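Any read-out appearing in this document is the output of simple, stated calculations on the displayed coordinates, not a laboratory observation. Remember, it's a predicted structure, so these values are computed and weren't measured experimentally. Ideal geometry is used to build each Cβ from the backbone, glycine not excepted, and the neighbour counts take in all protein chains shown.
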Amino acid sequence: MKIEVIVEAQPLAFIRRQSPDARKRLRAAIHAVERGDSFPDALDDDLEGFYKLRVENYRLILQHESGDTAPLFKVVFAERRSVVYELFRQIVGLE
């Protein structure tokens, strides 16, 4: 099943700042979701409604929306695992 994935500005800039190997792994993870080979894990508690995609020491935060022709995920935030949830909670106004 084909899934549409849109990468917003912050995660795109984050991916571009990473080393070539990390960029390759992050992009490969996004493409795996597009192909339907991988599916993000749902977050819970105060981040319910968002999903995470684990890529080694990185996390991509996604939001699911209904697409016109295919399921749609938006990559809305990306950061290192150690700080991603704290920073994302600040951005969405939970802290």
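Between Asp37 and Met1, what is the label-to-label distance in nm when each label sits 7 Å out along the Cα-to-Cβ direction?
Going by the 7 Å Cα→Cβ label model, 1.8 nm.
Within the chain, what percent of beta bridges assigned by DSSP are antiparallel, to the nearest 5?
80 percent
Starting from the eigenvalues of the Cα gyration tensor, five times each then square-rooted, give me the equivalent ellipsoid semi-axes of segment 1-58, largest first, whole Å.
19, 15, 11
Efficiency by 1/(1 + (r/R0)^6): what FRET value for Arg23 and Ser66, r their Cβ-Cβ distance, R0 = 41 Å, to the nearest 0.05?
0.90
Grab the Cα-Cα distance for Glu56 and Arg80, subtract it from 0.36 nm times how many residues apart they are, and report the gain in nm with one decimal.
7.7 nm
Tell me the GluC sites (Glu not before Pro) within segment 46-92 that lie in a loop according to DSSP and have at most 16 other beta-carbon atoms within 10 Å.
Qualifying residues, ordered by number: Glu48, Glu56.
Counting only C-alpha contacts under 8 Å and six or more residues apart, can you give the relative contact order of the chain as a whole percent?
Relative contact order comes out at 31 percent.
Longest segment of the chain with no trypsin sites (Lys or Arg not before Pro) in a DSSP loop having at most 13 other Cβ atoms within 10 Å? Don't skip to the end; give the middle numbers.
Numbers: sites that count: Lys2, Arg81.
Of all site-free stretches, the longest is 3-80.
Would you mind ranking Ile91, Ile6 so that the residue whose beta carbon has the fewest other beta carbons within 10 Å leads the list?
Least crowded to most crowded, the residues run Ile91, Ile6.
Count the net charge of all other residues whose Cβ sits under 13 Å from the Cβ of Leu53, scoring Lys and Arg as +1 and Asp and Glu as -1.
Its environment carries a net charge of +2.
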